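Bear in mind these aren't lab numbers, they're just calculated from the coordinates by the rules spelled out. No experiment lies behind these values; they were computed from the predicted model shown. So basically every Cβ, Gly included, is an ideal-geometry build from the backbone, and we count neighbours across all protein chains shown.
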Amino acid sequence: MRDYFIFVISQDIYLLVPIAYIILETPIKMNTSQAEKKITELRDIIEYHNRLYYGEDRSEISDLEFDQMLEELIRLEQQYPQFHDSNSPSQRVGGVIIKEFNTVKHRVPMLSLSNTYSESEISDFVGRVSRGLGRDDFEFVSEMKFDGVAISLTYEKGKLMRAITRGDGTKGDDITHNIRTIRSLPLKIKADDLPEIFEVRGEVYLPLSSFNRLNKEREAQGEELYANPRNTASGSLKLQDSAEVARRKLDIFVYALVVDHPNIKTQVQAMQALSRWGFPVSESYSLCKNEQEIFAYINEWEEKRKDLPLDTDGVVIKVNSFDHQQELGFTAKSPRWAIAYKYQAESASTQLEGVSYQVGRTGAITPVAHLSPVKLSGTTVRRASLHNANEIARLDLRENDYVWVEKGGEIIPKVTAVNLEYRDKGSKPVDFPSQCPECDTTLVRADGEALHYCPNVSGCPPQIKGRIEHFCSRTTMDIKHCGPQTILQLYEAGMVKNIPDLYELKVEEVVKLEGFKQKSAENLIQGIEESANRPFETVLFALGIRYVGKTVAATLAKHFKSIDAIAQASYDELYAVPEIGERIAQSILLYFDQEENKDTIRLLKEMGLRFEYENDQEVGVEEDLLNGKSFVISGVFNSYDRDELKDLIIKKGGEVKSSISGKLDFLLAGENMGPAKRAKAEKLGVKIITETDFDKMIGG
């Protein structure tokens with residue numbers, strides 16, 4: 001029997017499969033009937049091992065053997081497309097390209113929960129439940145509140161049929177293809193007590209380990225880091241390429257079953273059934289008989305939650321009995337039988353050891369507090385942001401002070417206050433420097449600005465390296481294989497002292513650098529050469545003119561048509577361009593007044609870079625779907641950041657405005673948009689659209 005694997009598919013079905021047959025690398029010739037049988041066997045075997053690995057954290061075969069079975073299944077499915085099954089385990093690797101996410105109405109609305117930060121409000125909630133039910137003999141279930149993306153999953157006859165985002169609570173986007181890439185989620189379920197049709201709700205999340213892996217990859221490539229796991233998970237679910245979604249290794253915890261079932265009458269029974277049916281259920285939930293047990297749960301998990309594989313921000317408390325839930329009912333926005341307790345953003349007190357000052361590519365000086373190491377949100381914090389000189393003055397920060405540090409979702413923690421209880425009476429204030437910490441040039445600070453700047457643009461090393469990094473980055477010239485570490489090597493070797501030097505590099509020079517071989521040196525040079533074909537608006541943005549972002553660069557390129565015309569424009573001519581204000585106009589004049597910048601542009605022209613506006617096709621306008629339409633963007637969005645939305649609008653032929661006027665076509669409204677903007681748009685009759693509306697406008 002050593003040459004066989006025995007696979008237990010169910011209580012009465014066993015598969016005896018020869019090892020050699022499982023790891024076969026090329027499909028054997030077989031008729032249609034044999035192919036169907038083999039495909040079914042492979043699907044069952046692979047799902048069995050998926051359940052073992054992701055549900056029980058154990059494995060009976062090696063990764064190689066698993067991968068070979070999966071590869072064979074994919075080959076057979078390609079060879080016999082008549083046996084396609086959207087819930088085959090082969091779909092977990094992705095590969096489907098979705099051009100449009102259809103909007104689907106929820107069968108049962110996904111309402112939000114009322115939030116509280118106070119234990120007294122938990123007591124009030126318990127009192128309201130008691131009065132609503134007219135009794136005291138009821139129970140609660142306390143669960144961790146996961147910081148992910150809410151999702152609704154519909155199953156029919158044990159098969160996953162549809163996955164929908166929460167959206168606005170009444171309707172969401174169909175992201176079924178991307179959800180199928182989550183390996184811990186069952187695509188097919190076999191159970192005696194399974195309802196014909198049922199809905200499961202859960203939270204899709206990016207495990208902290210996967211988030212850190214992605215950011216390490218982006219850091220190595222010189223790309224901007226993802227801000228936090230929740231936003232990254234949300235953006236991942238709306239990617240058009242499901243293969244990329246699969247690569248990110250999203251996961252899910254389910255927490256609700258939406259169905260009438262004769263044997264499931266409570267939340268605890270629902271969680272037990274979901275676990276029994278193979279769904280990933282967090283074991284962190286607990287039955288609580290009174291508010292004292294709820295408080296004990298909250299206190300217990302305030303620390304324990306840091307050991308979970310994902311971020312959490314609180315506790316959800318639900319009435320356990322479904323009959324009691326139905327009796328209590330709902331308000332217009334939330335259920336009366338549940339509430340969310342939010343943990344306060346964690347802070348810690350530690351001693352200030354010193355303050356350093358970082359110089360950015362624009363010359364902006366940023367103070368950073370160096371701290372005695374302190375544990376905060378599961379990590380050891382040694383540095384925290386101080387933002388600017390105004391913030392240091394507001395804190396009245398002094399040498400060796402003890403300070404309060406808060407993480408609050410930020411990658412770099414921030415100092416929020418001074419712990420005056422431990423301040424030395426004779427301590428000296430922290431003085432913001434008057435000279436640049438890198439080149440000793442006297443700093444300047446413009447009226448009305450919070451930041452100090454080093455004006456030594458051409459001689460301050462961090463500014464030079466920062467400008468080159470900005471020029472090469474993914475969002476600008478997108479020069480492959482030219483991240484911050486490579487730029488540092490090139491700069492310190494004296495090979496690249498300014499942007500034009502990049503285009504003078506030779507393979508035989510680069511190959512001498514540590515870590516480079518012939519192929520990697522050739523790849524770098526190829527990436528630099530390919531970047532010379534980027535359109536004018538991209539080159540203009542890449543130059544790093546202060547206050548000239550992507551949108552402003554596109555506006556300038558389209559209006560003036562060439563770099564020479566921009567360089568020769570007067571203040572009045574610049575100011576007259578839509579979206580160009582006083583600050584931007586002055587910055588452009590200052591940039592073109594400096595000889596080193598003129599030299600940079602002259603040299604880049606000689607290298608063949610584009611400095612004239614060509615037709616819309618060549619500068620990146622994909623379609624005219626938004627031609628002549630203007631937008632103001634406000635709020636936070638699930639699937640885009642602000643720059644991505646600006647890029648999309650411009651590429652589709654539209655314009656992005658900075659303020660609302662009667663001539664504006666659309667206000668694109670995200671979450672947490674300021675009420676003043678909404679009120680102004682409504683007053684002027686400007687159409688307000690959601691992220692979903694915008695997706696429909698651009699075809700997904």
* Measuring from label point to label point, each 7 Å out along Cα→Cβ, what is the residue 372 to residue 197 span in nm? -> 6.4
* Estimate the FRET efficiency between residue 118 and residue 688 by the formula 1/(1 + (r/R0)^6), using the beta-carbon distance for r and 45 Å for R0, to the nearest 0.05. => 0.85
* Asked: For segment 432-531, what is the relative contact order in percent, using Cα pairs closer than 8 Å and at least 6 residues apart in sequence?
  -> 19
* To do: Take every Cα pair under 8 Å in segment 470-595 that's 6+ residues apart, average their separations, divide by the length, and report that relative contact order as a whole percent.
  => 22
* Asked: What is the dipole size for the chain, taken about its Cα centre, with +1 at each Lys and Arg Cβ and -1 at each Asp and Glu Cβ, in debye to the nearest 20?
  -> 900
* Stretch residue 599-residue 334 to full length: gain in nm at 0.36 nm per residue minus the Cα-Cα span? -> 89.2 nm
* Among the trypsin sites (Lys or Arg not before Pro) within segment 294-335, which fall in a DSSP loop and have no more than 15 other Cβ atoms within 10 Å of their own Cβ? -> 333
* Asked: What FRET efficiency do you get for residue 62 and residue 489 if R0 is 25 Å and r is their Cβ-Cβ distance, rounded to the nearest 0.05?
  -> 0.05
* Structure fact -> Computed over the chain: longest principal axis from alpha-carbon atoms vs helix 119-133 long axis, angle to nearest 10 degrees, is 40
* To do: Could you pull out which residues in segment 356-372 have an amide N less than 19 Å from a spot 7 Å beyond the Cα of residue 498, following the Cα-Cβ vector?
  => 361-363
* Asked: Using alpha-carbon pairs under 8 Å, 6+ residues apart, how would you state the relative contact order of the chain in percent?
  -> 9
* Asked: Lysine pairs in segment 461-531 8 or more apart or on different chains: how many have alpha carbons under 16 angstrom apart?
  -> 7
* Euclidean distance between Cα centres, segment 307-327 to segment 262-289, Å -> 11
* Roughly how tilted is helix 208-220, in degrees to the nearest 10 and between 0 and 90, from the longest Cα axis of the chain? -> 30
* To do: Provide the gained length on full extension for the span residue 289 to residue 327, in nm with one decimal, where the gain is 0.36 nm per separating residue minus the Cα-Cα distance.
  => 11.8 nm
* Positive-end residue of 374, 120, 416, charge dipole of the chain with Cβ unit charges -> 120
* Which value in deg cm²/dmol, rounded to the nearest 500, describes the helix-derived mean residue ellipticity at 222 nm for the chain, given -39,500 (n - 2.57) per DSSP H run of n ≥ 4 and division by the residue count? -> -10000 deg cm²/dmol
* Structure fact -> Violations at 28 Å Cα threshold for listed pairs 249/289; 190/216; 289/407; 249/550; 105/157; 145/683 -> 249/289; 190/216; 289/407; 249/550; 145/683
* Nearest 0.05, what FRET efficiency do residue 208 and residue 590 give at R0 = 45 Å with Cβ-Cβ as r? -> 0.55
